[in-house]
1. Out of the total accessible area of segment 245-306 (probe 1.4 Å, heavy atoms of protein only), what percent is carbon and sulfur?
2. Excluding Asn248 itself, what net charge comes from residues whose Cβ is under 15 Å from its Cβ, given Lys and Arg +1 and Asp and Glu -1?
3. Quick check for you: with a 1.4 Å probe and neighbouring chains kept, what is the accessible area per residue of segment 142-221, in Å²?
4. Quick one: what are the phi-derived ³J(HN,Hα) couplings along segment 77-88, Karplus 6.51/-1.76/1.60 with θ = phi - 60°, whole Hz, x for glycine and proline?
5. Structure shown: which of Lys162/Lys207; Lys244/Lys277; Lys105/Lys276; Lys97/Lys244; Lys33/Lys276 lie over 29 Å apart, alpha-carbon to alpha-carbon?
6. Can you give me the long-range amide H partners of Thr152? Hydrogens built in the peptide plane at 1.01 Å from N, cutoff under 5 Å, separation of 5 or more residues or another chain.
7. On a full-extension model of 0.36 nm per residue, what is the gain between Arg306 and Val60, subtracting their alpha-carbon distance, rounded to one decimal in nm?
8. If Lys and Arg each add +1 and Asp and Glu each add -1, what is the summed charge of the other residues whose beta carbon sits under 15 Å from the beta carbon of Leu48?
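The values are calculated or read from the model by the stated rules, or taken from the named source; none is laboratory data. A quick note: this is a predicted structure, and the numbers were derived from the prediction, not measured. As a convention, Cβ positions derive from the backbone with ideal geometry for all residues, glycine included, and neighbour counts pool all protein chains shown. Accessible surface is based on the protein model in full, side chains and every heavy atom, while ligands, DNA and RNA are left aside. Shrake-Rupley method; radii C 1.70, N 1.55, O 1.52, S 1.80 Å.
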Amino acid sequence: GMSTYHNWPCLSSTLALPIFVLIAYGIQRLSYKGASDWLVNLLSGINLIAATVIPVYVIVATHANPGPAAFLLVLAVIISMKLLSYAHVYDDLREDKRLKDAQLKLNHMSDQVQTGEKDHDEKKNAIPLSLRHLFYFVAAPTLCFQLQYPRTTRIRKRWLLKRVAEMLIAIAFMILLIEQYVVPTVRNSMSSLVEMNLARLSERVLKLAVPFLYIWLAMFFSLFHCWLNIAAELLRFGDRCFYKDWWNALTLEEYWRTWNLPVHHWFLRHLYFPLKKRGWSNVAARLVVFFVSAFLHELLVSVPVRTVKLWAFFAMMGQLPLIASTKHMQRVLNASQLGNVVFWLAFTIFGQPLCILLYYYGWLQENGISAAALQ
């Protein structure tokens, strides 16, 4: 009855997301029809913000279940990030074309070349725009738009089946851990959270740390190693570098730089380097990147559970002093593994289990379920 209805709006909104992609293509077409750059960029901005804001509205208005809501929102944010990249790259290409055309004019004034040749050169500088390529980019495991990508020659069937099998095993393992260990422990922790019984609470957090570590690793493996490789193989997408050895990270900053390369590259290409080009300092540009990243993390966590508690946001922003301290430690310890130990402790034992408990507690409060009822 009601629960299936709750999931419908999320499903239909997920299926409607390609509309924003079509609109983005239409907006770029306008510049070929002679629309000014600021108009094209303004419309692009409105479109990519709508691609996230409308799903958020749907989730909040329909009281969607956290699962389908999270799925819709992650897709919506990915599409918004891709569309920002798309608009930004085309803006850069137009700027580049203007410079090239101006250079051509200068050359022609000095050479007095035939007009036919001049037209030919301007055609050569024309920026290609293809809807098919845009949809290829939306499906591809990257967030940064390029006019060309490295491609592989064929789809390796056996290799693909191996990745699919690995992914299914990892997902089954995650479900098992969540049902067996996490759900009972989280439910039993609620009363100690309400009473603020710190001794029992810390015991619960430690009890959660081990299954969480395994769930996190299984999730990372199934998403970054299996799923992105499966998508890349099906699309014959050549660039397979989705993560580096983040588990060896000596500092927290190194971890953030290496565990999720598609997002890391997006932040570099569309936020960090453009800010540096405008004369911002390293520190200021890095702060902006962290702020935007923290905002996105908070959005992805708090909208599906419908509690804006800002814990994910502060957990992200709280990384900054932690990063500074692990960097300082590394200088003192001269690149020893102790930084790696601190990273694993901060990351697995205290970070995630605590956040999950707090968000679950918030969700219970929002939905008016008392902790005593769960005992």
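1. Working: 2020 of 3010 Å².
For segment 245-306, the apolar C and S fraction of the accessible surface comes to 67 percent.
2. Numbers: positive: Lys244, Arg257; negative: Asp245, Glu253, Glu254.
My count for the surroundings of Asn248 gives -1.
3. Working: 5040 Å² over 80 residues.
With all protein chains present, segment 142-221 gives 63 Å² per residue.
4. Ordered by residue, 3J(HN,Hα) equals 5, 4, 5, 4, 5, 5, 5, 5, 4, 4, 5, 5 Hz.
5. Numbers: Lys162/Lys207 33 Å; Lys244/Lys277 27 Å; Lys105/Lys276 31 Å; Lys97/Lys244 35 Å; Lys33/Lys276 33 Å.
Beyond 29 Å: Lys162/Lys207; Lys105/Lys276; Lys97/Lys244; Lys33/Lys276.
6. Result for Thr152 returns Phe237, Gly238.
7. Details: separation 246, 0.36 × 246 = 88.56 nm, distance 0.70 nm.
Value of the extension gain: 87.9 nm.
8. Values: positive: Lys82; negative: Asp91.
Within the 15 Å Cβ shell, the charges total 0.
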